[in-house]
């Protein structure tokens, strides 16, 4: 398991600069401007209808109650009911449209973020844990969906109510409205001050949730190791620490939101009470009518309620702003594998000739990654040093060397998962840096030491490299890979679900599925990270037979750990600390190279004995 599994709760991240979140969110709403405009229109209709009820209250008091006119009172009641029905219809339309927009914007953001994530190299995922990425991708996008679909709508409606209420209050009584405007800064001040604090603390809270998600993803992914080493109690403690870190980050946010809401409510009610007192004095002096005071108080209560709503949702909006900043960071992460402005094309039939000229490479600073060779590559230290090499089309080449020699790194560079420090790698004489990464990688079939099996059917796993392949083509590839014999035993055959990471398969079965995938992909260059080193004798024999079929007519590079692999190779390359120190057949190297001789006696010849 990686070091992070047993590490302490991560320290606070360095705060990122503030992002312009409104234009970014607006760019996702722009394609649906028709629905946005319709939602705003219905919002205004609903809010203005509610505001007009204040005039209904005034008429009820002045022309109904005080004059004891029952017929007029009946008319006014019917008017109030009609206005309420209109407002309710507008609320339905506004709520439907805003909720739909929230779902749609969230979906579009996820599509954009995922599309960008697929373009980032493995080096990016070595720096940022997958669980952290998933947290941003799911939790942050969901929070944004809630805000766009609900909180933003409430804030807009409340803002319209505040403005409209103030206008109607001014029409009713300028004196009382002036007193209200004096109180507005007292109410809005806390909203702006505490709103900024909530945004900062919300970002910190979301980061802690991301840490928690990353830890859960890692510990459950490696559950076999956790339980095998009886690490459960320690993991519970570490998980508890992360949960408490989430709570600690949330505590400050909750405190400031609670202060904001309570303070706004207190100031609003205090202002209403004082204005009511002044208004009652005016009624007694006959400066305004009782109906006008009733209407004014109706508007004042509506405005106070709207301000309270704004104070509540402002916290959610600030949380969404923090979540949006995290999403923007992902989308704006630069793609670390540059693409040529005008990528070149490959011949219609690629021969598979590979050449390397003075290739030098070191992992980028802050991008050290666990290599397939089981060591952590040191950032800034050269892993490949001046490597020059030519591999003929169809040649079978074995790479031999101790862990850390650069074998797996060479595989990564051939597929251009990293950018060279200097030198050139060419495929059929064309610099791979001048090709699009997708076109380049379409020329390689990879069979790793630990096969990757996806949580889907046998059929979909095999045709992963050729999604449009027919069932007959898949079956032919599986027969060639010696996989059809065990697939036939499955009750659902090629439609059998293999479980997460292929838990329903043995190691040898996983390897044969991976080989069938490579056979079906039918690519000119084959990269084999010794696929038989961890198998039993029977499985190894089956996998070797499948590999013999796969390697026919293809340029093949094999990271070798076994004698049989070396003996079957056309040429053996001996690597040490990123340098090519010898090349030749097994017999030649046994005579001429002491390092190979030592390596062979310690590792390769053990199986002969």
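Here are the numbers for this structure:
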item: Diffusion coefficient, µm² s⁻¹, Stokes-Einstein with Kirkwood Rh over alpha-carbon pairs of region 143-185 at 4 °C and 1.567 mPa s; result: 110
item: Region 22-331 - percent relative contact order, Cα under 8 Å, separation 6 or more; result: 30
item: Three principal axis lengths of region 372-482 [C-alpha, angstrom, descending]; result: 46, 32, 24
item: Extension reserve of the residue 71-residue 491 stretch, reckoned as 0.36 nm per residue once the Cα distance is removed; result: 143.2 nm
item: Segment residue 402-residue 281, length gained on full extension (0.36 nm per residue, minus Cα span); result: 34.1 nm
item: Förster radius 22 Å - calculated FRET efficiency between residue 85 and residue 266 (Cβ-Cβ, nearest 0.05); result: 0.05
item: Share of alpha-carbon pairs per 5 Å distance bin for region 475-600, given as whole %; result: 2, 10, 18, 20, 16, 13, 9, 6, 4, 2, 0
item: Label point distance in nm, residue 254-residue 138, each placed 7 Å from Cα along Cα→Cβ; result: 2.3
item: Cα-based Rg of region 458-520 normalised by 2.2 N^0.38 Å, two decimals; result: 0.96
item: For region 298-354: rounded, prolate or oblate by the Cα gyration tensor [a/c cutoff 1.5]; result: prolate
item: Gain in span if fully extended, residue 239 to residue 358, counting 0.36 nm per residue against the direct Cα distance; result: 38.1 nm
item: Reduced Cα scattering model of region 543-585, Debye log10 I(q)/I(0), q = 0.21, 0.26, 0.33 Å⁻¹; result: -0.76, -1.04, -1.32
item: Percent of Cα-Cα distances greater than 17 Å, calculated over region 230-361; result: 79
item: More than 28 angstrom apart: percent of Cα pairs within region 22-331; result: 54
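Read the figures in this text as sums done on the coordinates, not as results from a lab. Source: prediction; values computed, not measured. Cβ: placed from backbone, ideal geometry, glycine included. Neighbour counts: every protein chain shown.
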